[in-house]
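The values are calculated or read from the model by the stated rules, or taken from the named source; none is laboratory data. If you're wondering where the values come from, they're calculated on a predicted model, not measured in any experiment. Cβ placement follows ideal geometry from the backbone for every residue including glycine, while neighbour counts extend to all protein chains displayed.
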Amino acid sequence: MEKRELLYEGKAKRVFKTDEPGMIIQDFKDSATAFDGKKKGEIGGKGSVNANMTVIIFKYLEERGIPTHLVEQLSDHEIATYQLDMLKLEVIVRNIAAGSLAKRVGYPEGQELREPLVEYFLKDDSLGDPMLAPNHIWELGLVTPEQLDEITAVSLKVNELLIPFFEGAGLKLVDFKLEFGLKDGRILLADELSPDNCRLWDTETGEIMDKDRFRRDLGKLEETYAEVLRRVQERMR
């Protein structure tokens, strides 16, 4: 597969056209941002960690019936994926109160929820990715009610699969963000699953093992990302 011109550069990835119709190359960056891009920095090795972890988890999910956009891994920080019509909808699945949820509802951080909570957000940086109710989603024409039902069911299934997956790596899955796109009308899981978009806490110590270390200036960024990948790789052996 031949990498061609740059199609798009975001906060975490560069996306390139290829010589294969319907396929793109995603190059994961070491750049880190938080608070809608107001805080910026670098985490050494982050691109490699996120690319490798995404490949491991997407393959794990595909083997259990979750369709994804992954085609193959090309290098330590590059993956080939299908080029999707991305939905302007972000889905967050929460198991434990943390971050914005704890602030919004007044729960202490760390309180376990009665059942997994699914939230929807408009993917629009200029608006600050606002939270949406289903009626907002249909008003904006983001997806149909049937598609939202499918996306919600897939998100909950991913959660059901990832909780024991991460437990096997000594990590507690607090919450995570998913994105989806369409290929020939079929909904596929897209983007990534990594310490950038999964809140992960050490099951024994409660230590934060994700991007919150960057948001909260906790230090040990490179070491923590590398440790998460090491545990996930060890989990698959």
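Side notes on the structure shown:
- Among residues of segment 1-28 being within 20 Å of residue 188 (Cα to Cα) and acidic (Asp, Glu), the one that is surrounded by the fewest Cβ atoms within 10 Å (Cβ to Cβ) is 20.
- Given (1) in contact with a helix residue (DSSP H, G or I) (Cβ under 8 Å, 6 or more places away or on another chain); (2) farther than 21 Å from residue 49 by Cα; (3) free of Cβ contacts under 8 Å to residues at least 40 places away in the same chain, number of the condition residue 185 does not satisfy: (1)
- Odd one out for residue 137, checked against (1) over 20 Å from the mean Cα position of the chain (by Cα); (2) surrounded by 13 or more Cβ atoms within 10 Å (Cβ to Cβ); (3) without any contact (Cβ under 8 Å) to a residue 40 or more places away in the chain: (3)
- Scanning segment 44-73 for residues that are touching a residue at least 40 places away in the same chain (Cβ under 8 Å), out of contact with any helix residue (DSSP H, G or I) (no Cβ under 9 Å at 6 or more places or on another chain) and not in a helix (DSSP H, G or I) turns up just one, 71.
- Candidates in segment 29-56 are the residues that are β-branched (Val, Ile, Thr) and more than 20 Å from residue 220 (Cβ to Cβ); of these, the one that is surrounded by the most Cβ atoms within 10 Å (Cβ to Cβ) is 54.
- Segment 69-114 - residue that is within 16 Å of the chain's Cα centre (by Cα) and surrounded by fewer than 17 Cβ atoms within 10 Å (Cβ to Cβ) and, of those, nearest to residue 25 (Cα to Cα): 86
- Scanning segment 27-43 for residues that are outside any loop (DSSP other than H, G, I, E, B) and basic (Lys, Arg) yields 39, 40.
- Matching option when the condition is modelled with pLDDT under 95, surrounded by fewer than 16 Cβ atoms within 10 Å (Cβ to Cβ) and more than 19 Å from the chain's Cα centre (by Cα), among 237, 186: 237
- Members of segment 200-215 found to be crowded, with 23+ Cβ neighbours inside 10 Å and farther than 18 Å from residue 31 by Cβ, listed by number: 200, 209
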